[in-house]
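The values are calculated or read from the model by the stated rules, or taken from the named source; none is laboratory data. Nothing here was measured: the structure is a model prediction, and the numbers come from that model. Quick reminder, even Gly has a Cβ in these numbers, built from the backbone with ideal geometry, and neighbours come from all protein chains shown.
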Amino acid sequence: MPLEFEKPILELEKRIAELRETARTTGVDLEAEIRLLEERLARLKEEVYGSLTAWQRVQLARAPGRPTTLDVLEKAFQDFLELHGDRAFADDPAIVGGLAYLEGQKVVVVGHQKGRDTKENLHRNFGMPHPEGYRKAMRLMDLADRFGYPFLSFIDTPGAYPGVSAEERGQAWVIAQSIQRMSRLKVPAIALILGEGGSG
């Protein structure tokens, strides 16, 4: 579902696609008109995305159609092997991670995972990790360091889960530990923000 401020862009893209289809089916040369509309589209995108309000930027970051960690792993990585659990309490589906290849290089990846619909969002806790998710991420950081694999992190969360059960299991403590652990990695570490970058 497009955001309100994106509708003029989508309408112009649709018009360009229709002209291309008309040119293809009728054999009429519409390249000049299409080129003009494409130039207009580029200016419109620059104007719209170059002057977003703070709230519009938040809306873009939260848009349901944005790629998730699993989408990126499927499209850009090879042979992803997901590892589960924190070896202390449970597995947290809000955090996915494991081993993969990126252009022939073995890497360790970890990232927040939101759902595409209500059922999946409930399963993934809307991308809000529990303490066990942070412990799983730290386990993967240790794995990267132990074997000398680069560490890649994908961020897309409104923040850590703020529930009582998470606090009882040491939520604040494991967040601090995971930040410390990542700052001490001896291997290259890259963090990419896919959507929201809330606290935690």
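Details
- All conditions in (1) of a type outside the set (S, T, N, Q); (2) under 24 Å from residue 65 (Cα atoms); (3) at pLDDT 95 or above; (4) in contact with a helix residue (DSSP H, G or I) (Cβ under 8 Å, 6 or more places away or on another chain) hold for residue 5, with the sole exception of (3).
- Subset of segment 67-91 (residues that are farther than 26 Å from residue 106 by Cα and of a type in the set (Lys, Arg)): none
- Complete set of residues in segment 55-93 that are of a type in the set (Gly, Ala, Ser), at pLDDT below 95 and over 19 Å from residue 115 (Cβ atoms): 85, 88
- On the stretch given as segment 87-101, residues that are more than 18 Å from residue 193 (Cβ to Cβ) and touching a Pro at 6+ places or on another chain (Cβ under 8 Å) total 2.
- Candidates 120, 82, 132, 168, filtered to the one that is under 23 Å from residue 63 (Cα atoms) and among the acidic types (Asp, Glu): 120
- Failed condition for residue 12, given (1) modelled with pLDDT of 95 or more; (2) out of contact with any helix residue (DSSP H, G or I) (no Cβ under 6 Å at 6 or more places or on another chain): (2)
- Residue, farthest from residue 161 (Cα to Cα), within segment 66-119, restricted to residues that are hydrophobic (A, V, I, L, M, F, W, C), part of a helix (DSSP H, G or I) and without any contact (Cβ under 8 Å) to a residue 40 or more places away in the chain: 76
- Check on residue 48, assigned by TED's automatic domain parsing to the domain that holds residue 8 and in contact (Cβ under 8 Å) with a residue 12 or more places away in the chain: yes
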